[in-house]
């Protein structure tokens, strides 16, 4: 069967145009579900291919044509099965069949015709684009392969324009070298355009003997075809995968995840900063009377004026001072111990929970009855920043003082101090120890 070169070119061009629209989806599908340095089971590694094209004794370099100068085209067809070892290298077993002919002159009176019922070869195939760091995951993939195999052929002479009888068939070693382009048109499907050089036995062109310039005959096979990856369609094909594209995709996914985590942490930090700013504002003492703005009901008190727990001036009556010896009994200490044990605040705040009021009321009554002085020392664990813990411990001590004063205790006899995490009484390495460290100590004197 003779094939027109012009018609073949048109068919090839149409094939290229029809595959271009699939490029983008093919690129993405070649890496989805894979990770760098992952096992081969992530991919489909087996594929089959079918193709057809034209054969000729002519070649691009115009050498070793045996004197058959008239270009002649015939049908060739091929198929293969391939095992992909790596993204860039595979081993394939190839079948080729067809017919090849040539003429010495344009009148086509003298020449030869050779049938190739079958030939099989084992070749190694290298795909260049799958190792390219500059154009990773390319739609167009140059390839080259070379191998060795056995070709079965029958040759007949053409004289006076008539084809003679075919001689006995013979099977000889031949060497195919193929190169061309693969177009990744869809997930696991490649469209191929190739040009194959085949070195065959000297009998192939019906010219033998010592007068021949070359020891082996050479014919070409220009072909187009399709390659289909075998296996689960959910996996990409290894022969269309580029390690660089896999690495970039993996990096991008992890970057997006880390960015989302970072954004969430930034949002939490902003919320904590707002809370810290609020605490700073509450703990300011603009008039310097020793009572924080949050609890100061009489702002703007002049410097040096004695104030009560609510920040208001105390009216001092002229009294004869009587020095009394302060005696703290075990019963007094028990009232304070119960108050410490029962004292609870809202989480992360200085707000006293109502369940603590009853025991604090007893401490206030004790202070009023016996005119005791009281030192309140706020402490925290080491969770969070030191600055925040210092302010929180001070604020909690002030909160207790304000409550006791609200129950009638003398503010001038109550001292509130915050020590933050600096004076732990237990280890901060476990939850039980940290709970013990979060406390307000009461000292009567």
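Among 265, 366, which comes first, then next, by fewest other beta-carbon atoms within 10 Å?
Sorted ascending by nearby Cβ count, the order is 265, 366.
Quick check on the exposure proxy: order 439, 396 from fewest to most C-beta atoms within 10 angstrom.
439, 396
Using DSSP, restrict attention to beta bridges with both residues in region 291-445 and report what percent are antiparallel, rounded to the nearest 5. Please list the in-between numbers first.
On the way: 8 of 13 bridges.
Just about 60 percent of them are antiparallel.
Neighbouring Cβ atoms within 10 Å as the yardstick, rank 99, 83 fewest first.
83, 99
Based on the mean of other Cβ atoms within 10 Å per residue, sort peptides 166-174, 38-46 so the most packed one is first.
Most protected by this proxy first, the peptides run 38-46, 166-174.
Every number in this text was worked out from the coordinates using simple rules, so none of it is lab data. Computed from a predicted model, the values in this text were never measured in an experiment. Cβ: placed from backbone, ideal geometry, glycine included. Neighbour counts: every protein chain shown.
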